[in-house]
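One structure is given below, encoded as structure tokens.
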Amino acid sequence: MWLTQLRKGLVQFAVLLLLRNREAYGYQILEELSQSEALQVTESTLYPVLARLARDGALAVRVEPSAKGPPRRYYRLTTVGRRQLSDMQTQWVAMSESLQSLLQGVSHDENV
């Protein structure tokens, strides 16, 4: 159960990381996340995240016709999204360093 919640919490960060240097459509993002077993998510998890990020101004959306079905929605980071990604990266580094210390059995008091 905790692993599912952790994955759901990291989807937004992973999406912003994938889109930092390019645009991509939803299924493409899903496929790329699925390449890593630890980041696998379902469409029912990913698409609400994409919609929320777009609604919040972090992603711009461009719709293009597709020869293989419905139009594709391409997502790319906006200035708001780049700021959000930067903030998330800063927080991730701090949290991962703290967790790594805990995993190694070092308390912050011992480092002083």
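Which condition does Ala51 not pass, out of (1) of a type in the set (Gly, Ala, Ser); (2) over 14 Å from Gln12 (Cα atoms); (3) at pLDDT 95 or above, if it passes all the others?
Just one mismatch for Ala51, condition (2).
Just need a number here: residues in the stretch 62-109 that are surrounded by 14 or more Cβ atoms within 10 Å (Cβ to Cβ), assigned to a loop (DSSP other than H, G, I, E, B) and modelled with pLDDT under 95.
The total comes to 0.
Can you tell which of Leu46, Leu59, Leu53 is under 16 Å from Ile29 (Cβ atoms), out of contact with any strand residue (DSSP E or B) (no Cβ under 6 Å at 6 or more places or on another chain) and surrounded by 14 or more Cβ atoms within 10 Å (Cβ to Cβ)?
Exactly one residue qualifies, and that residue is Leu46.
Of everything in the stretch 26-41, what is surrounded by 11 or more Cβ atoms within 10 Å (Cβ to Cβ) and not in a helix (DSSP H, G or I)? Give them in sequence order.
Scanning the stretch 26-41 gives Gln40, Val41.
The values are calculated or read from the model by the stated rules, or taken from the named source; none is laboratory data. All of these numbers come straight from a predicted model, not from anything done at the bench. In this analysis, Cβ positions are derived from the backbone assuming ideal geometry, glycine residues included, and neighbour counts consider all displayed protein chains.
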